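Here, each number is a calculation from the coordinates, and none is a lab measurement. If you're wondering where the values come from, they're calculated on a predicted model, not measured in any experiment. For neighbour counting, all protein chains shown are included, and Cβ atoms are generated from backbone atoms with ideal geometry for every residue, glycine included.
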Amino acid sequence: MPHQCVRCNSFYEDGAKELLNGCGCGGKLFFFIKKERLEDMKKIADEINLSDKDKEQIEQDVFDLVGSEIDRDQPVILDLEAIRVLRPGKYELDLVHLFKKEPLIFRLEEGKYMIDLVQSFEKFRKK
Amino acid sequence: MINIVRSFINKVLRGIFKKKKNFKLGLYGPPNGGKTTLANRICKDWLGQDMGTVSNIAHETREVQIKEEISIKSKGKELTFNLVDTPGIATKIDFEDFIKSGMKEKQAKERAKEATKGVIDAIKWLDEMDAVVIVLDATKDPYTQVNVTIVGNLQARNIPVLIVANKSDLKKADIKKVQAAYPQYNVIGISAKYGNNIDQFYEGLFAIAG
């Protein structure tokens, strides 16, 4: 599964060393992208030309959204299909996805994180 | 004999514990439906105080608000609950909408971010609820993706629901249309702002809490 750097939009394959050490641009936040959506994402990335300032702002906003408990110096992989940040201040929310209790971020080993923002839904699953 | 005493003590302790677990009543719905206005109405009626601030600009409530131990009485019955007012649930949050309402860009972007987080929090809280009041704006189309998603998810979780068709004081309000959209639910037309039909709403609360 590919990953995309939030800051510079570069794509990395699963297991790439950049995912562990951080992207060449210094970004440590990656979007997790499903293979079937990769082509769409590449097209969107070409169409929307975000300035560096916008990218930094989005990165900052995403950090604020997922909570302060994550370590900003470690690479973080986001599965943000439930929330799309089109540009700073413009958000699209997939409610069906959000209600489905799927985690927004995955923590893998070696400094990668999984933060289950919807962990309280676990209770429902156990019922 | 010891067993009898022990089971008696257990029963008493369980009784106390049960009473301590407060019934949680959640207010859910799209932005600007009047959730906080209704929360304020309930708090004013039974506690004599307000709960939160209201605004014409959408997404005024961006954090989950809780008011504990509200006791309401109707026809000799009493119901005590914790009232949970939640941020409005939306599929699209755009700072430009706030700018149109006269907000500065930086403030509008911050509001959009907080509102997005608010949606996540509202959904997170859903499983904590014992019953939910869905507050809809009766002047607007009731068949939206947000409304249908909220109603469907509550149904899937077996959480008792009361639907309020708010803003009945406005000319454009169409309570019957909301009732037709959700025929399997008790839909009560009210004006949270002016308190119209509020007694029937309190009756409805007893019905979903019982």
Nearest-0.05 FRET efficiency for B:VAL64 and B:LYS100, computed from C-beta distance (R0 25 Å): 0.40
Cleavage-rule hits (trypsin sites (Lys or Arg not before Pro)) in the range B:22-59: DSSP loop, at most 12 neighbouring Cβ within 10 angstrom: none
Distance in nm between pseudo-label sites at B:GLN145 and B:ALA180 (7 Å out along the Cβ direction from Cα): 2.5
Ellipsoid equivalent to chain B - semi-axes via the Cα gyration tensor, in Å: 33, 20, 17
Set B:LYS92/B:LYS113; B:LYS44/B:LYS193; B:LYS117/B:LYS140; B:LYS109/B:LYS193; A:LYS90/B:LYS104 screened for pairs whose C-alpha atoms are more than 18 Å apart: B:LYS117/B:LYS140; B:LYS109/B:LYS193
Surrounding net charge for B:LYS117, when Lys and Arg each add one and Asp and Glu each subtract one, Cβ distance under 12 Å: -2
Angle between chain B longest axis and helix B:198-209 axis [Cα atoms, degrees, rounded to 10]: 50
